[in-house]
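Peer 1: Structure below; questions to follow.
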Amino acid sequence: MTESATRTTTDELLRDHPFSFRAADGTRVAIEDATSRDADALAAMYDAFPANDRTQGLPPADTDERREWVETLLGAQSVVARRDSHVIGHAALIEAGDAHELAVFVTPDARGVGIGTALLRGLLGAHRSRGGGRVWLAVEATNRCARALYRRFGFEVEHRGRVELTMARDI
């Protein structure tokens, strides 16, 4: 498959939000803009992340640092995934010079049913609608599921570190 055919296929995954879908576990999930009204729900979601499920030091373990981090993410372009009015996922694009850094988090009990895919569809679709640009992320080299998800969206490895990979693409 040529790169242009691959790019077309991955771009077809993108869509603007809000939208809802039926997750693989049969539940209905909505993808919507994250707003300042979501601060408490996001803080609660991140508070519940087990210590062994923090990647690259995120979400921060310290409560005050975590709340500050949530405010930073809410100041960026971001979306939430809601199931039964509970926030179960969050994705953000943080300005980083001439590009945007991508951060995606899904609660442990909501993984493997399409939440991460839907968050990326909505967030990257909105980014494309707003003019797009370069997007990059860091992912642990051992996180095969996340790497496969990012590859499906056209991200390619730009740098291999000892513990993590940097992946990027233009939207």
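The values are calculated or read from the model by the stated rules, or taken from the named source; none is laboratory data. Everything numeric here is computed off the predicted structure, so don't read it as measured data. Cβ: placed from backbone, ideal geometry, glycine included. Neighbour counts: every protein chain shown.
Peer 1: Considering segment 27-49 alone, what residues qualify as being within 16 Å of the chain's Cα centre (by Cα) and part of a loop (DSSP other than H, G, I, E, B)?
Peer 2: Passing the criteria: A34, T35, F49.
Peer 1: So is G114 modelled with pLDDT under 95 and among the small types (G, A, S) or not?
Peer 2: No.
Peer 1: Oh, and also: Pick out, from segment 55-171, the strands (runs of 3 or more DSSP E) lying fully within it that include 2 or more residues that are farther than 18 Å from H17 by Cβ, over 13 Å from the mean Cα position of the chain (by Cα) and free of Cβ contacts under 8 Å to residues at least 12 places away in the same chain.
Peer 2: So the answer is 156-160.
Peer 1: Quick one: how many residues across segment 1-46 are under 17 Å from R128 (Cα atoms) and either at pLDDT 95 or above or of a type outside the set (S, T, N, Q) (or both)?
Peer 2: Counting residues in segment 1-46 that are under 17 Å from R128 (Cα atoms) and either at pLDDT 95 or above or of a type outside the set (S, T, N, Q) (or both) gives 13.
Peer 1: Then there is this: Does any residue of segment 118-130 turn out to be hydroxyl-bearing (S, T, Y) and within 23 Å of E32 (Cα to Cα)?
Peer 2: Yes, segment 118-130 contains a residue that is hydroxyl-bearing (S, T, Y) and within 23 Å of E32 (Cα to Cα).
Peer 1: From the list E12, E65, which one is within 15 Å of L124 (Cβ to Cβ), acidic (D, E) and out of contact with any His (no Cβ under 9 Å at 6 or more places or on another chain)?
Peer 2: The conditions single out E12.
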